[in-house]
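Taking it in order: structure first as structure tokens, then the write-up.
The values are calculated or read from the model by the stated rules, or taken from the named source; none is laboratory data. Quantities reported herein were computed from a predicted structural model and do not represent experimental measurements. Positions of Cβ are generated from backbone atoms using ideal geometry, with glycine treated the same way; all protein chains shown enter the neighbour counts. For the accessible areas, the whole protein counts, side chains as well, though only heavy atoms, and no ligand, DNA or RNA atoms are used. Shrake-Rupley method; radii C 1.70, N 1.55, O 1.52, S 1.80 Å.
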Amino acid sequence: MIDENAPKKGIQSIEIGFSILKAISNSVGPLTITEVSKLCDIPKSQLYRYLISLCRIGFLEKSEDLRYSLGSELTLIGLRGMEKVDIRIKALPYIKRLNDLLDETVSLAIWVENEGPIFISWEESKKPINVNVRVGSAVPLTNSATGRIFAAYYPKEKTQSFINDEIKKHSIVLDEYNDTIIAVKKYGYAFTDQYIPGITAISAPIFDQKNELVAAISIIGLSGVLDISPDSHLTEEVLKTARELSNSLGYVYL
């Protein structure tokens, strides 16, 4: 039996490695092994092996004058983390406003490597009967409104294998699917009432300053209640919110 109150044992080498990275990241400039040794209180003979491994995986870089600084791989991980946190935080007031305005469930999804579109945030409707969205759940690219946004606007090298698998698995008619994606690009939004019986969704793309798709914002409700036509009030508000959020991320609509 595991004693939950007992002191937890971790992996000491990982903790030491992190202390080294933290010491170097807090430094004004690159550090020598002697300086790192003093800051971390680790003998140079032991420290040297950590520095080799951290450089090997790209978490540290060693200059020609034998000084150490944070590596590109660690910086990239940090940037990816910031991007995901930033879009959730940035989108929150827009999601809440759209939820208050329409009183429909509103969700936000991003692309996760090897997983596809994943819901990361949502606000549920206050109606007696509403649709819940499970944060962390993935959706298909071919028959969900959110997925179709990524199928239309996300890089093909990221999406094509998912699309091919779904087409084969569900015996989707390719020409009909291609026509659907063409319509998404034409009207700037996606909709579906096919993914879950009785449920309809409308989704719009969120772009950043690099003109890249970073998320999809969607409203989800009961079929027969959501008007999915291009000129409906619901569709116009979803598109308006998507444009405003994209503008806040630096995207410029021409």
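For region 175-183, the criterion of a residue being touching a Leu at 6+ places or on another chain (Cβ under 9 Å), surrounded by fewer than 15 Cβ atoms within 10 Å (Cβ to Cβ) and over 13 Å from residue 238 (Cβ atoms) is satisfied by no position.
Return yes when residue 123 is touching a helix residue (DSSP H, G or I) at 6+ places or on another chain (Cβ under 8 Å) and open to solvent by 20 Å² or more (accessible area, probe 1.4 Å) and no when it is not. So residue 123 fits the description; yes.
Across region 225-242, the qualifying residues are those that are over 17 Å from residue 100 (Cα atoms) and in contact (Cβ under 8 Å) with a residue 12 or more places away in the chain, and the one among them that is surrounded by the most Cβ atoms within 10 Å (Cβ to Cβ) is 228.
Based on what the data block shows, is residue 215 closer than 20 Å to residue 112 by Cβ, in contact (Cβ under 8 Å) with a residue 60 or more places away in the chain, open to solvent by less than 80 Å² (accessible area, probe 1.4 Å) and not charged (D, E, K, R)?
Spelling it out, residue 215 is indeed closer than 20 Å to residue 112 by Cβ, in contact (Cβ under 8 Å) with a residue 60 or more places away in the chain, open to solvent by less than 80 Å² (accessible area, probe 1.4 Å) and not charged (D, E, K, R).
When each of 228, 202, 217 is tested for being modelled with pLDDT of 95 or more, outside any helix (DSSP H, G or I) and not charged (D, E, K, R), the lone residue that passes is 217. If you go through region 141-169 and keep only what is part of a helix (DSSP H, G or I) and of a type in the set (Gly, Ala, Ser), you end up with 145, 147, 151, 152, 161. Flag: residue 146 matches the condition of being open to solvent by less than 70 Å² (accessible area, probe 1.4 Å), at pLDDT 85 or above and under 19 Å from the mean Cα position of the chain (by Cα).
Checking each residue in region 184-199 for being out of contact with any strand residue (DSSP E or B) (no Cβ under 6 Å at 6 or more places or on another chain) and either open to solvent by 80 Å² or more (accessible area, probe 1.4 Å) or part of a loop (DSSP other than H, G, I, E, B) (or both) picks out 185, 186, 187, 188, 194, 195, 196, 197, 198.
Residue-wise test of (1) at pLDDT below 90; (2) touching a helix residue (DSSP H, G or I) at 6+ places or on another chain (Cβ under 8 Å).
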residue	(1), (2)
1	yes, no
10	yes, no
46	no, no
84	yes, no
117	no, yes
